[in-house]
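The values are calculated or read from the model by the stated rules, or taken from the named source; none is laboratory data. Nothing here was measured: the structure is a model prediction, and the numbers come from that model. Note that we place each Cβ from the backbone using ideal geometry, even for glycine, and neighbour counts take in every protein chain shown.
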Amino acid sequence: MSSAFAIDPVRRPTAPLAPERLAPAADPVVLPRPAVRPRVLAASLIIAGVGCVLATQLVLSIGTADGAFRLQALQDRSVELAREQVVRTEQLQTLAAPQHLAARAAALGMVPQDVPAYLTRTGRVLGAQSVAGASDTASTGDVPDALLTH
Amino acid sequence: MRRTRRAARLRPLLVLLLVVVSAGAFLTKLVDVQVVHASALRAESKDRRSQQVDVAGTRGDILDARGVRLATTVPRYTVTASPRLAAAGGSVAAAAKRIAGALGAQPATVLHELHTDPTSDYALIAKSVTLTTLTRVKGLDIPWLYFQETGKRVYPSGAVAGNLVGFVGADGRPQAGLEYSDQSCLAGTDGVTEYESALDGTAIPGTAVAVKAAKPGGTLKLTIDRDLQWYAQQVLAARAKQTGAKWGSVVVEEVATGKLLAVADWPSVDPNDVNATASTDTAALGSRAFTAPFEPGSTMKSVTAASLLDAGLAKPGTGVVAPYRLVAGGADVNDSEYHGDERLTMTGVLVQSSNTGMSLLGSRMADAMRYRYLQRFGFGTRTAVGFGAEASGDLGAGAPNWDPQSRLATMFGQGLTATPVQMASAYATIANGGVKVPVRLVDSCTAADGTVTTPAAPAATRVISAAAARSTVSMLENVATKGWLAADVKIPGYRVGIKTGTAQESDGSGSYSKGFLVSMAGVAPADHPKYVVYVDLDAPSKMNTSQATAPVFRQVMARVLQQHDVVPSGSKSPDLPTEW
């Protein structure tokens with residue numbers, strides 16, 4: 001973790017030096033400066049790098065969290081739609097009951113044809129042509145379905 | 001100075017000792033918890049933190065021949081509450097009002113449930129709640145309400161095939177019909193799920209683990225065609241009401257396969273509302289077509305005639321002199337209406353439905369032989385369907401023990417009993433060139449893993465020769481064209497063969513009641529028989545003859561032909577002599 005420090009405090013050039021090395025003091029320019037400059041640069045670079053990594057990490061985690069929220073929302077929607085489908089399927093099954101369809105057809109004025117006849121592609125009629133009329137017995141309403149009345 | 005140095009040397013040792021001792025203490029406790037008392041502690045913690053709930057294995061659907069659902073299970077929800085937490089939260093009355101509003105219930109009822117035991121963590125608020133209602137209740141966002149999914153059995157077509165499908169009780173247990181008899185196919189296997197719960201008992205999300213997975217039940221597919229079944233029921237019910245009949249049935253069988261395409265009963269039961277039928281007619285909760293045998297009457301004459309033809313003892317043109325009344329060998333039989341001696345052929349005997357004529361013809365065959373024919377046609381034994389409480393019918397004392405009266409009476413369908421399904425099967429045998437194909441109601445059971453099983457059925461057997469069967473159908477055609485109901489049963493373009501029956505009914509104490517059981521059995525198209533329709537109506541007070549059944553027969557048969565795209569052949573029925 002020491003790499004996080006731009007300047008190693010132990011090795012700081014400002015640390016007390018041995019007295020014998022202080023004696024000449026001929027060329028003061030040589031002393032600390034050449035050692036400090038590159039380290040500050042390196043430190044800045046590292047800080048910037050760490051900053052970049054942290055920023056990227058933050059952006060990524062915000063992105064992931066956002067995706068997770070979206071995923072959750074979609075999953076919730078999926079569950080909701082599945083339930084909706086169950087409800088609609090149940091309604092459809094009830095409405096598709098033959099007695100219900102027959103009652104609707106009868107309400108539209110349709111009557112069952114008891115005398116089947118077929119038309120061939122050549123236009124010939126097989127069976128007896130007849131007009132569909134009221135049958136001998138009522139054609140709807142005698143087979144109960146509690147689901148339709150509830 | 002020395003003491004200080006020594007103390008300085010000892011200090012790390014002391015620290016080390018302290019660390020070792022405390023580590024040892026922790027290790028001991030760890031071993032104690034993890035190894036020595038592990039299982040006891042685990043059990044204790046489990047009791048405290050985890051809950052086990054049974055997960056119901058969904059019951060399988062019952063489908064018709066085309067895959068339309070006749071019985072299915074839909075999700076419903078149980079709403080419960082914790083009165084203790086509700087009381088702690090305050091404003092219970094206001095919450096009860098909101099809950100009742102969402103449920104469509106009375107606020108007082110909800111409040112009563114919440115007030116019954118305010119210290120309890122359980123109060124049942126509503127059962128069998130639909131998803132739409134549940135969404136409304138959930139929208140209230142009340143933390144002390146809990147919801148549990150349950151299944152409810154529904155029958156989307158109501159009373160259509162209700163007598164066959166049967167029903168389940170409020171507890172979900174099967175009570176009648178195929179729901180009961182095919183329980184092994186339909187029942188799901190319950191599973192167990194374990195979850196960890198918080199202090200107040202609510203499940204901690206994400207902790208649910210299936211200890212044992214629930215297994216859904218199998219799908220039962222029938223041979224019944226729902227739309228035809230509805231039509232048969234509708235036509236039968238309308239006619240039964242019109243003629244004042246007590247009950248009746250219609251059976252439609254496919255000749256080549258033995259499949260029952262429709263078995264209509266009246267009165268019928270709506271499995272969604274069993275009480276409506278149970279309160280008026282308990283016998284109607286099952287299927288009388290299977291469970292209620294009766295003396296079939298003259299429809300049985302075709303069976304006697306077919307047996308005579310097969311044994312070579314008579315031909316369609318074989319003549320007899322049929323009196324109105326025949327007293328012979330201790331037996332006394334007569335025809336329904338007075339007439340002088342008639343010179344009838346066997347065809348004529350069927351067309352006129354002469355009891356005396358059939359008695360004379362049937363006497364040509366030894367009783368034991370006729371008894372065997374009846375048995376081979378399937379009378380006296382349950383059909384291959386094995387419907388719940390299915391009756392076998394009764395051939396009386398049988399040969400050689402029939403008394404003289406029963407000996408003759410059984411030739412024209414009295415003194416023995418049969419179910420409508422047995423009658424349809426006998427006609428299907430004649431229509432199928434003499435080969436009896438076992439009757440089928442259940443097509444298959446498809447288990448949850450996709451394994452398909454078909455119910456075991458006996459092999460098809462030849463009962464009479466193809467020639468005898470063909471001749472019998474020709475005679476039935478003559479009944480349809482020359483009999484007194486010719487106009488009522490005519491389906492233009494098609495050749496139809498029928499036989500009527502007006503049977504005296506046993507009053508249950510050894511004699512006959514005043515009512516008649518009227519019936520009609522027929523095949524079409526007679527030039528190549530594909531379908532058999534059998535109709536019976538019990539005691540139609542406003543029309544006490546087989547004419548009561550004629551429109552039901554004609555309408556159902558026409559619909560069968562139409563629905564299966566049977567093209568009218570346009571050929572003419574044979575004209576067999578009825579007199580000589």
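The residue that is modelled with the lowest pLDDT, counting only those in the stretch B:538-547 that are out of contact with any Lys or Arg (no Cβ under 7 Å at 6 or more places or on another chain) and not in a loop (DSSP other than H, G, I, E, B), is B:546. Just one of (1) under 27 Å from the mean Cα position of the chain (by Cα); (2) within 14 Å of chain A (Cβ to nearest Cβ) trips up residue B:431, so point out which. Looking at each condition in turn, residue B:431 falls short on (2). Hey, any hits in the stretch B:391-403 for a residue that's farther than 21 Å from residue B:314 by Cβ, in the same structural domain as residue B:502 (by TED's automatic domain parsing), within 18 Å of the chain's Cα centre (by Cα) and not small (Gly, Ala, Ser)? Within the stretch B:391-403 (the criterion being farther than 21 Å from residue B:314 by Cβ, in the same structural domain as residue B:502 (by TED's automatic domain parsing), within 18 Å of the chain's Cα centre (by Cα) and not small (Gly, Ala, Ser)), the answer is no, since none of the residues qualifies. The single residue among B:311, B:238, B:305 that is of a type outside the set (Ser, Thr, Tyr), in the same structural domain as residue B:431 (by TED's automatic domain parsing) and modelled with pLDDT under 95 turns out to be B:238. Only residues that are at pLDDT 90 or above, within 11 Å of residue B:495 (Cα to Cα) and of a type in the set (S, T, N, Q) were counted across the stretch B:557-576, and they come to 1. Those residues that are closer than 23 Å to residue B:260 by Cβ and buried (at least 17 other Cβ atoms within 10 Å of the Cβ), I need them from the stretch B:502-529; list them, please. Within the stretch B:502-529, B:503, B:517, B:518, B:519, B:520, B:521, B:522, B:523, B:524, B:525, B:526, B:529 meet the criteria. Would you be able to say whether some residue in the stretch B:69-79 is more than 14 Å from chain A (Cβ to nearest Cβ) and assigned to a strand (DSSP E or B)? Checked against the condition, which is being more than 14 Å from chain A (Cβ to nearest Cβ) and assigned to a strand (DSSP E or B), the stretch B:69-79 yields at least one hit.
With respect to residue B:262, is the statement that it is in the same structural domain as residue B:234 (by TED's automatic domain parsing), out of contact with any Leu (no Cβ under 8 Å at 6 or more places or on another chain) and not hydroxyl-bearing (Ser, Thr, Tyr) true? For residue B:262, the condition - in the same structural domain as residue B:234 (by TED's automatic domain parsing), out of contact with any Leu (no Cβ under 8 Å at 6 or more places or on another chain) and not hydroxyl-bearing (Ser, Thr, Tyr) - is not met. Counting only helices (runs of 4 or more DSSP H) wholly contained in the stretch B:131-214, the ones carrying 1 or more residues that are more than 14 Å from chain A (Cβ to nearest Cβ), touching a residue at least 60 places away in the same chain (Cβ under 8 Å) and aromatic (Phe, Trp, Tyr) occupy B:177-181.
Note on the stretch A:114-132: among residues that are more than 10 Å from chain B (Cβ to nearest Cβ) and of a type in the set (Val, Ile, Thr), the one that is surrounded by the most Cβ atoms within 10 Å (Cβ to Cβ) is A:131. Of the residues making up the stretch B:165-190, those that are of a type in the set (Gly, Ala, Ser) and in contact with a Lys or Arg (Cβ under 9 Å, 6 or more places away or on another chain) number 3. Taken as a whole, the structure leaves residue A:111 outside the set of residues that are in a helix (DSSP H, G or I) and either among the hydrophobic types (A, V, I, L, M, F, W, C) or at the interface with chain B (Cβ under 7 Å from one of its Cβ atoms) (or both). Consider residue B:277 carefully, then state whether it is under 18 Å from the mean Cα position of the chain (by Cα), outside the structural domain of residue B:361 (by TED's automatic domain parsing) and surrounded by fewer than 24 Cβ atoms within 10 Å (Cβ to Cβ). In short, no. Taken together, the residues in the stretch B:47-68 that are in contact (Cβ under 8 Å) with a residue 24 or more places away in the chain, of a type in the set (D, E, K, R) and away from chain A (no Cβ under 14 Å) amount to 3. Identify, please: which residue in the stretch B:231-255 is within 14 Å of chain A (Cβ to nearest Cβ) and part of a loop (DSSP other than H, G, I, E, B) and is, among those, nearest to residue B:530 (Cα to Cα)? Filtering first and then ranking leaves B:245.
For the stretch B:133-164, taking the residues that are among the hydroxyl-bearing types (Ser, Thr, Tyr) and in contact with a Lys or Arg (Cβ under 9 Å, 6 or more places away or on another chain), the one that is surrounded by the most Cβ atoms within 10 Å (Cβ to Cβ) is identified as B:157.
Pairs linking a residue in the stretch A:60-88 that is within 14 Å of another protein chain (Cβ to nearest Cβ) to a residue that is not in a helix (DSSP H, G or I), with Cβ atoms under 8 Å and 6 or more positions apart or on different chains, are A:86/B:74; A:86/B:75; A:87/B:130.
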